[in-house]
Amino acid sequence: QVQLVESGGGLVQAGGSLRLSCAASGSAGIFRSMGWYRQAPGKQRELVATRSSGGNPNYADSVKGRFTISRDYNKNTVYLQMNSLKPEDTAVYYCNAARWGDASDYWGQGTQVTVSS
């Protein structure tokens, strides 16, 4: 049984930084990809950043140059370093992971990020 547990969200002033973590529990093995999505009130969930195993990361245009995604394959953990945060970054951030051979992706419960002006 695979579970994704996010941490690191909170309240921060504009221009500040946060680091999100997402750790996979259970006998998950190496994920094909891991990443982050976010959903603001009244909006659809959108991709923030993803990183495939052995591949390069990809980012939404709105976060390029400010956010950095990284993975620790031994710990089966993905991180999102968020710098120069803006009020428009306020959202619930969800961890996402996919494995070879699984029909559906795995999702975390989400962690709230609030950026004040």
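Run down SER17, SER21, SER70, SER104 and say which single residue is of a type in the set (S, T, N, Q) and either at pLDDT below 95 or in contact with a Cys (Cβ under 8 Å, 6 or more places away or on another chain) (or both).
Of the residues listed, the single one that is of a type in the set (S, T, N, Q) and either at pLDDT below 95 or in contact with a Cys (Cβ under 8 Å, 6 or more places away or on another chain) (or both) is SER104.
Quick one: what pairs do we get from the range 61-76, first residue aromatic (Phe, Trp, Tyr), second open to solvent by less than 70 Å² (accessible area, probe 1.4 Å) and outside any loop (DSSP other than H, G, I, E, B), C-beta under 8 Å, 6+ apart or different chains?
PHE67/VAL48; PHE67/ALA49; PHE67/TYR59; PHE67/LEU80; PHE67/GLN81; PHE67/MET82
If you scan the range 43-78, which residues turn out to be assigned to a loop (DSSP other than H, G, I, E, B) and open to solvent by 60 Å² or more (accessible area, probe 1.4 Å)?
Scanning the range 43-78 gives LYS43, GLN44, ARG45, GLY54, ASN56, ASP61, SER62, LYS64, GLY65, TYR73, ASN74, LYS75.
Note down all Cβ pairs under 9 Å where the first residue falls in the range 10-32 and is over 20 Å from ARG51 (Cα atoms), the second is at pLDDT 95 or above and basic (Lys, Arg), and they're at least six residues apart or on different chains.
Pairs that qualify, where the first residue is over 20 Å from ARG51 (Cα atoms) and the partner is at pLDDT 95 or above and basic (Lys, Arg), are ALA14/LYS86; GLY15/LYS86.
Would it be correct to say that GLY8 is under 12 Å from the mean Cα position of the chain (by Cα) and over 13 Å from ALA97 (Cβ atoms)?
Yes, satisfied.
Identify all residues within the range 35-49 that are under 15 Å from THR111 (Cβ atoms) and either over 9 Å from the mean Cα position of the chain (by Cα) or not basic (Lys, Arg) (or both); write none if there are none.
GLY35, TRP36, TYR37, GLN39, ALA40, ARG45, VAL48, ALA49
Is there a residue being among the charged types (D, E, K, R) and either in a strand (DSSP E or B) or over 15 Å from GLN112 (Cα atoms) (or both) anywhere in the range 79-89?
no
At least 3 residues that are open to solvent by less than 50 Å² (accessible area, probe 1.4 Å) in each: list the strands (runs of 3 or more DSSP E) lying fully within the range 1-42 that qualify.
18-25, 33-39
The values are calculated or read from the model by the stated rules, or taken from the named source; none is laboratory data. Remember, predicted model here, so these are calculated numbers, not experimental data. Virtual Cβ from ideal backbone geometry, glycine too; neighbours counted across all protein chains shown. When the accessible area is computed, the model is the full protein with side chains, heavy atoms only, and any ligands, DNA or RNA have been set aside. Shrake-Rupley method; radii C 1.70, N 1.55, O 1.52, S 1.80 Å.
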